[in-house]
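We did not get these values from a lab; they are worked out from the coordinates using the rules stated. None of the values given here were measured: they were computed from a predicted structure. Positions of Cβ are backbone-derived with ideal geometry, glycine not excepted, and every protein chain shown enters the neighbour counts.
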Amino acid sequence: MMNYPILYSFRRCPYAMRARLAIAISGVQVELREVVLRDKPDALLQASPKGTVPVLVTDENTVIDESIDIMMWALHSNDPDKWLGDSSTEVEVSIQALINNNDGEFKHYLDRYKYADRFPEHSQLYYRQQAEKTLLHLEQALTDKDYLFGNSPSLADMAILPFIRQFAFVDKDWFDNSDYTNLKLWLEEFIASPLFNSIMTKYPQWHADDNKQLFPELE
């Protein structure tokens, strides 16, 4: 029986989403193991003791437990839509800066905006306003193009979009009525895309005696 790389994932986690996006577009199949975060399997904790998702165990038993590194692993295997592009060093630095801001400052305030009752130091409005600094930057970047670095998606778009989706759904009415015209269109097209819908299939919690669930499911 063929051995596949193993991906521990959780459907709603934005980090796991972006890993699945890159794997799906690459067409490199993995064995998907859907994790319930309150009931993490021993195999996940043995592979990566920090116990977060996503975690990829390659067919060479290398453990990759950072989502961006999993994206790069998949795209270096196959990058049919040129998410990595033929970027100049300057563009690569700009892409990395956007991802770093998303994973750092924006995620910090996103968590507090979403779970404001856990962080009573400030109001939910304050946390949203701090997160909006990132939204304003992205809105401006999308002024004259469909994606952050041109008219086709890049690593930056696909690494950041799952987090903007999470932000939007904290207060969907507010977001839908906000002035982020470009950002809303960018997000709407992403959510409606066949690629996004292909990675959001619901799978049951993985158990050690289950049959393998391959992802993406190739026709």
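Rounded, prolate or oblate, given the Cα gyration tensor of the stretch 1-123, with a/c below 1.5 counting as rounded? Each step should come with its number before you reach the end.
Values: a/c = 2.41, a/b = 1.14, b/c = 2.12.
Since a/c reaches 1.5 but b/c is at least a/b, the shape of the stretch 1-123 is classed as oblate.
Going down the table (Lys107/Lys212; Lys107/Lys202; Lys133/Lys202; Lys82/Lys172), which pairs top 29 Å between alpha carbons? Write down the numbers at each step before the final one.
Working: Lys107/Lys212 33 Å; Lys107/Lys202 25 Å; Lys133/Lys202 33 Å; Lys82/Lys172 32 Å.
With Cα atoms farther than 29 Å apart: Lys107/Lys212; Lys133/Lys202; Lys82/Lys172.
If all Cα-Cα distances of the chain are sorted into 5 Å bins from 0 onward, what percent lands in each bin, rounded to whole numbers?
Answer for the chain: a P(r) of 1, 7, 14, 18, 19, 16, 13, 8, 4, 1, 0 percent.
What percent do you get for the relative contact order of the chain when only Cα pairs under 8 Å and 6+ apart count? Don't skip to the answer; put the middle values down first.
Numbers: 266 pairs, mean separation 60.7, N = 219.
The value is 28 percent.
Pull out a ≥ b ≥ c, the square roots of the eigenvalues of the alpha-carbon gyration tensor of the stretch 159-219, then state rounded if a/c is under 1.5, prolate if not and a/b is larger than b/c, and oblate in the remaining case.
Prolate is the answer for the stretch 159-219, as a/c is 1.5 or above and a/b outweighs b/c.
For the stretch 58-139, compute the orientation-averaged projected area of the C-alpha convex hull (one quarter of its surface), in nm². It would help to have the intermediate numbers written out before the result.
Numbers: hull surface 31.3 nm².
Seen from a random direction, the Cα hull of the stretch 58-139 projects 7.8 nm² on average.
In vacuo Debye scattering of the stretch 89-193, one point per C-alpha: log10 I(q)/I(0) at q = 0.21 Å⁻¹?
Listed by q, the Debye log ratios stand at -1.13.
Out of residues 5 or more away from Gly150 or on other chains, whose amide H comes under 5 Å of its own, with H placed 1.01 Å from N in the peptide plane?
For Gly150, whose amide H was placed from the backbone, there are no distant partners under 5 Å.
Take peptides 17-28, 180-191 and line them up by average Cβ neighbours within 10 Å, highest first, as a rough protection proxy.
17-28, 180-191
Tell me whether the stretch 28-98 comes out rounded, prolate or oblate; compute the Cα gyration tensor, take square roots of the eigenvalues as a ≥ b ≥ c, and use a/c under 1.5 as the rounded threshold.
Judged from the Cα gyration tensor, the stretch 28-98 comes out prolate (a/c at least 1.5, a/b above b/c).
What's the angle, to the nearest 10 degrees (0 to 90), between helix 14-26's Cα axis and the longest principal axis of the chain?
So the inclination is approximately 60 degrees.
Output wanted: per-residue J couplings in Hz (rounded whole) for the stretch 102-107, from phi through Karplus 6.51 cos²θ - 1.76 cosθ + 1.60, θ = phi - 60°, x for Gly and Pro.
Taking θ as phi minus 60°, the curve returns 4, 6, x, 4, 5, 4 Hz for the stretch 102-107.
Could you run the Karplus curve 6.51 cos²θ - 1.76 cosθ + 1.60 with θ = phi - 60° over the stretch 192-206 and give me ³J(HN,Hα) per residue in whole Hz, x for Gly and Pro?
The phi angles translate into 7, 6, x, 4, 4, 5, 5, 8, 9, 4, 7, 10, x, 4, 6 Hz.
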